[in-house]
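K.L.:
Structure incoming, see below.
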Amino acid sequence: MMQTSRAAAHTDLRTARTPELREHDDTQPLLIQVNGLEKTYTTARGALTLFRDLDLQIQTGEMVAILGQSGAGKSTLLHILGALDAPTAGTVYCASTNVSKLSQRDAAAFRNREIGYVWQFHYLLPEFTALENVAMPLLARNMKKREALGVAANWLKEVGLEDRGEHRPGELSGGEQQRVALARALVNHPRLLLADEPTGDLDETTAGKIFDLIERLHESHGLTSILVTHNLDLAARCTRALRLEDGKLATLAMSPQTVQNRN
Ligand code: ADP
């Protein structure tokens, strides 16, 4: 079977890591199972095929980095996993749901329930306060406003921004905006965090702090997390790093040097 031969050909990142790096319990059940994924866009210049027979398995509790050149299809892969886009062929099981078969309405409900999404740019609503932005997914689920604002306040505290609740996004730093975006992504307690270059627009120090926060939230909320990043040092802190290239995913072996220099 394809999956087996591909797995055998890979170097396992864990064998290349120093012992203090994140360990993963590989007896956990699968949260994501992708088989034979294909995605073809029809463009003015013809068909653009991004994935050909791509397979992926991710266990509950893993924190997986996805690397690859710009245009390789990393964002598209996250969109498909998070039911924001549909595959052309193949099956995509995510959080016990066949996301390739969802109607638009069911996909929206699935995203609201199971997926926390963070992008490179925060996409907070500029005319609302930080507190209101975090409360938004709760209000979308018909929680009463007073209660939603209370839950949102707790989340702002958890991301270290309890004194910024009344600030609008334009009155926050880039790192603070991303903290609010993380609180908003997780306020509905999703099982899966999908982060598309969450530190890509931040300076190195702030990026490190946001990554620390993601790690802490990942642990404390029992998340499964997939992070698209160009930062090898941050990728080395994940349970696995995968490179998307030529429409396929390959396990990336980090050199001990990369790992030692990760901070
Ligand atoms: P990455 O995140 O790795 O930079 P993307 O997933 O954003 O890559 O895009 C992969 C390729 O697919 C790019 O060449 C992009 O132009 C193309 N693409 C993305 N979305 C669409 C779309 N809706 N229609 C046509 N082409 C698209």
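Nothing in this text is a laboratory measurement; each read-out follows from the coordinates by a stated rule. Just so it is clear, the model here is predicted, and its values are computed rather than measured. Reconstructed Cβ throughout: ideal geometry from the backbone, glycine too, with neighbour counts over all protein chains shown.
K.L.:
Add -39500 (n - 2.57) for each DSSP H run of 4 or more in the chain, then divide by its residues: what number comes out at 222 nm, to the nearest 500 deg cm²/dmol?
P.N.:
-10000 deg cm²/dmol
K.L.:
Next up: Sequence neighbours fewer than 8 away in the same chain don't count; with that in mind, list the lysines whose C-alpha is under 29 Å from LYS101.
P.N.:
Cα-Cα hits under 29 Å: LYS39, LYS74, LYS248.
K.L.:
Under the definition of Cα pairs under 8 Å and six or more residues apart, what whole-number percent is the relative contact order of region 18-121?
P.N.:
Values: 140 pairs, mean separation 27.9, N = 104.
Averaging sequence separation for qualifying contacts and normalising by length gives 27 percent for region 18-121.
K.L.:
Next question, about the same structure. Helix 145-158 versus the longest principal axis of the chain: what angle, 0 to 90°, nearest 10, using Cα atoms?
P.N.:
Taking Cα atoms only, the helix is inclined about 60 degrees.
K.L.:
When we measure straight from the Cα of LYS144, which aspartates and glutamates land under 13 angstrom away, once same-chain ones fewer than 8 places off are left out?
P.N.:
Counting by Cα, and skipping residues close in sequence, LYS144 has these aspartates and glutamates nearby: GLU132.
K.L.:
Further question: Working from Cα positions, state the angle (0 to 90°, nearest 10) between the long axis of helix 104-114 and the longest principal axis of the chain.
P.N.:
Approximately 80 degrees, to the nearest ten.
K.L.:
Please give the Cα centre distance for region 85-123 versus region 42-57, rounded to the nearest Å.
P.N.:
18 Å
K.L.:
Let me ask you something else. In nm, give the distance between the simple-model label positions of ARG141 and GLU215, each being 7 Å from the Cα along the Cα-to-Cβ direction.
P.N.:
In this crude spin-label approximation the distance works out to 2.9 nm.
K.L.:
Please return the longest stretch of the chain lacking exposed loop sites, where GluC sites (Glu not before Pro) count only if DSSP places them in a loop and at most 16 other Cβ atoms lie within 10 Å.
P.N.:
Details: sites that count: GLU20, GLU23, GLU127, GLU166.
Here the longest run is 24-126.
K.L.:
While we're here: If the elastic network links every pair of Cα atoms under 10 Å, which of ASP203, ASP233, ASP212 fluctuates the most in the Gaussian network model of the chain?
P.N.:
Its mean-square fluctuation being the largest, the pick is ASP203.
K.L.:
Once you order the gyration tensor axes a ≥ b ≥ c over the Cα atoms, which shape class does region 110-207 get: rounded for a/c under 1.5, otherwise prolate or oblate by comparing a/b with b/c?
P.N.:
Details: a/c = 1.90, a/b = 1.22, b/c = 1.56.
Verdict is oblate for region 110-207.
K.L.:
Okay, moving on. Give the angle, between 0 and 90 degrees and rounded to the nearest 10, that separates the Cα long axis of helix 174-186 from the longest principal axis of the Cα atoms of the chain.
P.N.:
For 174-186 against the chain, the angle is about 80 degrees.
K.L.:
Compute the relative contact order of the chain as a whole-number percentage, counting only Cα pairs closer than 8 Å that sit 6 or more residues apart in sequence. Kindly include the intermediate steps, with their values, before the conclusion.
P.N.:
Values: 491 pairs, mean separation 73.9, N = 263.
Relative CO of the chain lands at 28 percent.
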